[in-house]
Structure formats: C-alpha cells, structure tokens
Amino acid sequence: MNDVDDDLRPLILLDVDGVLNPWHRQGPSWLSVDAVCDGVTYPVLLNPEHGPMLLRLARETGAELVWATTWQDDANRAIGPLIGLPELPVIPVGSGAGALLVHPKTPPVADWVNRRPFVWFDDGLGRADRLYLKTHENVDRFRIIDIGPRKGLTERHLRQAADWLAAPRRPAEPSPAT
C-alpha cells in the first residue's frame, strides 16, 4: 500500500466459516472437501462461483479483498485456491485482546483498517461489534453484512455490498451525546 490511492480504496472483508463455508451444501456445484487450518483437517463446503463473484465485486467497486477470518493465512492456502481467489492480505484476527461482548475478531479489524471504508461479510457479529467499530478512532465508514450460516454468501449479499460501496460518501454521523 505505497500508493496514496491504495490507502483510500475500500475494503471487502471476508470470513470463511458460515460465509464461504456454510452449514449446508447449497447445490450440486458446491465442493465438499477437507481443508487444513492450524494443522487440523476440517470438512468444508465451498462454492467455486464465489471467487469470481467476489473478484468481480472488487473490480467493479474498486475495493480490495481481505481475509478477516480465524483461518488467517490458512485461508490463502486452503480456501482461496479452491474458489479461484488469488492470495489476499490477511488481518491477524487472532492477535488482539478482546473487548467485553465484542467478537474477538473485531478489535484487530478496527486496528487494521486504517480509516478505510469497508464491507464485512460475517456471520457472527452483533450490536456490540457495530458499536465498537462506530466508536473506534481508526474506523470510518463501514457496513457489516450479516450472513446466515446455514446458506452462506449469496448474490443478494453481494448486491448489498455493491450498493453500499457505490453510494456517495456521506459525512460521518455525529457521535451520540454523552
């Protein structure tokens, strides 16, 4: 990220389990494979169409795809190649101290984004995560797109992300009075 323009590009943050690897196979084109994370082999369900769809979303919106998953670097080795994604930057979500009621991935994501706008595809974030991000000094605009873990990422989620990324930049919301 040496180029100033790269520092301003929005981000598309990707989780694996529940997002790219749902609980149930969604069609005959889905792959059922074993993938290794932290030296442990897990059965995963992957849609080979997700990679091209995510790459198209990134290309059309000028955004950068980034892993925000407990799979961390293993996502580049075990997941990305199976769905057609190149090696992506990885947010070290296992590196941070947690905050009360906040998902353990949220503080490291907040520290990493460096005020770049981002869309985050995840199935495990809630109100406390949104409040944490909204009040973190290193976070500007963001949109969490909740993914139902039974079905995983769908075209509807990708359209929501595209619409948000294409929306005109609005000024930051005023902080609530304390």
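Before moving on, here are some points about what is shown:
- Some residue of the range 130-145 being within 14 Å of VAL19 (Cβ to Cβ) and either in contact with a Phe, Trp or Tyr (Cβ under 7 Å, 6 or more places away or on another chain) or modelled with pLDDT of 95 or more (or both): yes
- Positions within the range 1-60 being surrounded by 12 or more Cβ atoms within 10 Å (Cβ to Cβ), at pLDDT below 95 and charged (D, E, K, R), in sequence order: ARG9, ARG25
- Scope the range 83-129; condition farther than 23 Å from PRO22 by Cβ, of a type in the set (A, V, I, L, M, F, W, C) and modelled with pLDDT under 95; matching residues: ALA97, ALA99, LEU100, LEU101, VAL102, ALA128
Yes/no matrix, rows are residues, columns are (1) surrounded by fewer than 21 Cβ atoms within 10 Å (Cβ to Cβ); (2) among the aliphatic types (A, V, I, L, M):
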| position | (1), (2) |
| --- | --- |
| GLY94 | yes, no |
| LEU101 | yes, yes |
| TRP112 | no, no |
| ARG116 | no, no |
| PHE121 | no, no |
| LEU125 | no, yes |
| LEU133 | no, yes |
| ASP146 | yes, no |
| ARG156 | yes, no |
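- Test: residue in the range 82-100 that is in contact (Cβ under 8 Å) with a residue 40 or more places away in the chain, out of contact with any helix residue (DSSP H, G or I) (no Cβ under 9 Å at 6 or more places or on another chain) and under 24 Å from GLU155 (Cβ atoms): no
The values are calculated or read from the model by the stated rules, or taken from the named source; none is laboratory data. These numbers come from a predicted model, not from an experiment. All Cβ positions, glycine included, derive from the backbone under ideal geometry; neighbour counts span all protein chains shown.
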